[in-house]
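Engineer: Sharing a structure below in structure tokens format, with a few things to ask.
Taken together, the values in this text are just the output of simple stated rules run on the coordinates, not laboratory data. Owing to the predicted nature of the structure, the values given are computational and were not obtained by experimental measurement. Positions of Cβ are backbone-derived with ideal geometry, glycine not excepted, and every protein chain shown enters the neighbour counts.
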Amino acid sequence: MVWITPEAPAPLELAQCVGCGLCLAVCPTYRLTADETASPRGRLAAMAAAAEGIVAIDATFDDVIGFCLQCRACQVVCPALVPFGKMIEGVRAEINVRQPSLVRRARNRALGRWVAMPGLVRLGVGAAALALRAGLGRWMPRLVAGLRPSARVELRGREFAAVGPERGTAALLLGCVMESGFAQIHVATIETLQRAGYRVVIPPNQTCCGALAAHEGAALEARRLAQRNAAAFSGADIVIADAAGCSSHLKEYGHWAGEDGASLASRARDVTEVVAEAIEAGWLPASNVDRGPVAVQDPCHLRHAQRIVDQPRTILRAAGYRIVEIDQEGLCCGAAGAWGVLHPEASDALAEIKVSQVHQAGSTILASANVGCEMQLRAHLEGWYRVAHPVELYWEAVVDDAVGAVG
């Protein structure tokens with residue numbers, strides 16, 4: 001065994017794969033290429049060969065591992081329960097250590113430190129918005145066109161009282177991009193949680209969840225971010241994230257931040273879980289107005305990583321919408337964090353599959369519970385459809401004006 005980092009896969013993990021190939025049918029990159037090395041089975045074979053020193057951990061190996069967009073679809077169908085997402089992150093950490101470069105170091109610094117600075121992120125989002133308005137979008141990653149900068153709402157350090165009987169304290173993770181580019185989703189989340197009976201607090205010392213750093217193998221940076229959040233969110237009954245990629249990563253904090261991280265992970269919830277539960281318990285009302293059809297896109301880190309499927313649909317039905325399914329398999333939209341920027345052609349190809357499904361749905365509204373997916377789909381749908389978070393659509397239909405506490 002030639003691994004030199006603690007994050008790299010253990011021998012027993014590498015031996016778990018039985019080679020059945022069920023993962024091939026659900027893997028987005030295999031679907032695009034029909035190449036075994038672009039499948040989970042092929043990547044596991046490459047990992048095992050590298051661990052034994054049979055193949056070099058070089059640029060070719062980096063390309064094979066880096067082409068995985070970490071959607072976790074393979075984990076859902078795997079009969080051997082191979083922890084593929086964790087293993088890919090571990091191997092990428094190994095590659096980071098073995099192949100240091102100025103580009104990699106700069107990327108790790110951006111993912112681990114720059115995203116932890118709200119003012120810098122806000123400046124970047126604002127600059128991107130100005131560039132788009134100036135017609136400079138052709139020189140920027142297409143994903144950027146999916147931003148929707150809104151009026152600044154200062155939330156850090158604030159508390160919002162429950163409406164009616166208090167059921168507990170919910171602390172909200174603001175995230176990195178969402179705080180500047182999608183603040184309206186936070187407003188919808190806060191006011192809906194208030195209406196459900198939660199006191200909502202926004203810890204001032206919180207930071208980026210660290211998912212992007214973890215996915216890119218920047219293990220040290222991911223660990224620092226997780227430890228900082230574990231301290232910031234120590235007092236809340238539940239910790240809420242309203243982006244699926246963030247809520248999924250919070251639930252894995254036991255791996256990144258020890259006992260304190262495990263404590264946070266045990267209290268972490270995606271907002272769709274909590275709101276759907278409140279609707280089913282009668283703490284939140286349902287609308288009796290028929291608002292027409294809404295197409296639903298399942299983010300990978302909601303459907304595959306957290307196995308959350310029914311809850312967004314419960315919320316949308318309570319808002320008065322009729323559900324239109326566009327993809328029973330949950331194929332990735334191609335955003336996949338930084339992957340879509342690093343692999344633009346493959347990202348666009350996956351997005352176009354999803355766009356074709358949306359066009360066939362017969363709805364002008366698409367619901368997605370993850371900010372990266374929303375950006376990707378809005379950019380590729382080019383203004384023909386509205387893309388919004390399920391809780392945002394529920395808030396507009398049922399909660400807005402009834403609470404109105406955020407501003």
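Engineer: Quote to one decimal, in nm, the extra length available between residue 76 and residue 154 on full extension: 0.36 nm per residue of separation minus the C-alpha distance between them. Walk me through the intermediate numbers first.
Structural biologist: Details: separation 78, 0.36 × 78 = 28.08 nm, distance 3.88 nm.
My answer for the length gained is 24.2 nm.
Engineer: Please order 314, 272, 60, 33 by the number of other Cβ within 10 Å, starting at the fewest.
Structural biologist: Ordered by Cβ neighbours within 10 Å, fewest first: 60, 33, 314, 272.
Engineer: While we're here: In whole Hz, with x marking every Gly and Pro, tabulate ³J(HN,Hα) for the range 326-339 from phi via Karplus 6.51 cos²θ - 1.76 cosθ + 1.60, θ = phi - 60°.
Structural biologist: Karplus values, whole Hz, x for Gly and Pro: 10, 7, 6, 8, x, 5, 4, 7, x, 6, 6, x, 6, 4.
Engineer: So if we plug the beta-carbon distance of residue 310 and residue 364 into 1/(1 + (r/R0)^6) with R0 = 41 Å, what FRET efficiency do we get, rounded to 0.05? The partial results should precede the final answer.
Structural biologist: Working: r = 24 Å, r/R0 = 0.58.
In this case the efficiency is close to 0.95.
Engineer: Follow-up. Show the residues, 5+ positions off or on another chain, whose built amide H is closer than 5 Å to the amide H of residue 308.
Structural biologist: When sequence neighbours closer than 5 places are left aside, the close amide H contacts are 303.
Engineer: Computed FRET efficiency, Cβ-Cβ of residue 287 and residue 353, R0 35 Å: what is it to the nearest 0.05?
Structural biologist: 0.60
Engineer: Go through the range 32-44 residue by residue and turn each phi into a ³J(HN,Hα) via Karplus (6.51, -1.76, 1.60, θ = phi - 60°); whole Hz please, and just put x for glycine and proline.
Structural biologist: Karplus-based 3J(HN,Hα) across the range 32-44 equals 6, 10, 6, 9, 4, 5, 9, 10, x, 4, x, 5, 5 Hz.
Engineer: On to the next question. For the range 199-235, list residues with backbone N below 13 Å from a point placed 7 Å from the Cα of residue 341 toward its Cβ?
Structural biologist: Residues passing the 13 Å test: 212-213, 216.
Engineer: Take the range 11-100, compute every pairwise Cα distance, and split them into 5 Å bins from 0; I just need the percent in each bin.
Structural biologist: Percent of pairs per bin, in order: 3, 15, 28, 27, 18, 8, 1, 0.
Engineer: Another question about this same structure. Which ³J(HN,Hα) values in Hz, rounded to whole numbers, follow from the phi angles of the range 300-310 under the Karplus curve 6.51 cos²θ - 1.76 cosθ + 1.60, where θ = phi - 60° and Gly and Pro get x?
Structural biologist: 4, 7, 9, 6, 8, 6, 10, 6, 9, 10, 6
Engineer: Could I ask something else about it? Over the range 165-241, what is the relative contact order in whole percent, taking alpha-carbon pairs under 8 Å and six or more residues apart?
Structural biologist: The value is 43 percent.
Engineer: Going out from 0 in 5 Å bins, what whole percent of all Cα-Cα distances in the range 207-335 drops into each bin?
Structural biologist: 2, 11, 18, 19, 17, 13, 10, 7, 3, 1, 0
Engineer: Compute the Kirkwood hydrodynamic radius of the range 286-399, taking the inverse of the mean of 1/r over all pairs of distinct Cα atoms, and give it in Å to one decimal.
Structural biologist: Mean inverse Cα-Cα distance, inverted, gives 14.1 Å.
Engineer: Which percent, nearest 5, of DSSP beta bridges in the chain are antiparallel?
Structural biologist: On the way: 2 of 24 bridges.
Just about 10 percent of them are antiparallel.
Engineer: For the range 286-399, what's the relative contact order in percent, using C-alpha pairs closer than 8 Å and at least 6 residues apart? Can you show the working numbers first?
Structural biologist: Values: 185 pairs, mean separation 37.7, N = 114.
33 percent.
Engineer: Find the eigenvalues of the gyration tensor of the Cα atoms of the chain, then list the square roots of 5 times those eigenvalues as equivalent ellipsoid semi-axes, largest first, in whole angstrom.
Structural biologist: Over the Cα atoms of the chain, the ellipsoid semi-axes are 34, 24, 21 Å.
Engineer: Mind sorting 234, 248 by how few other Cβ atoms lie within 10 Å of their own Cβ, fewest first?
Structural biologist: Ordered by Cβ neighbours within 10 Å, fewest first: 234, 248.
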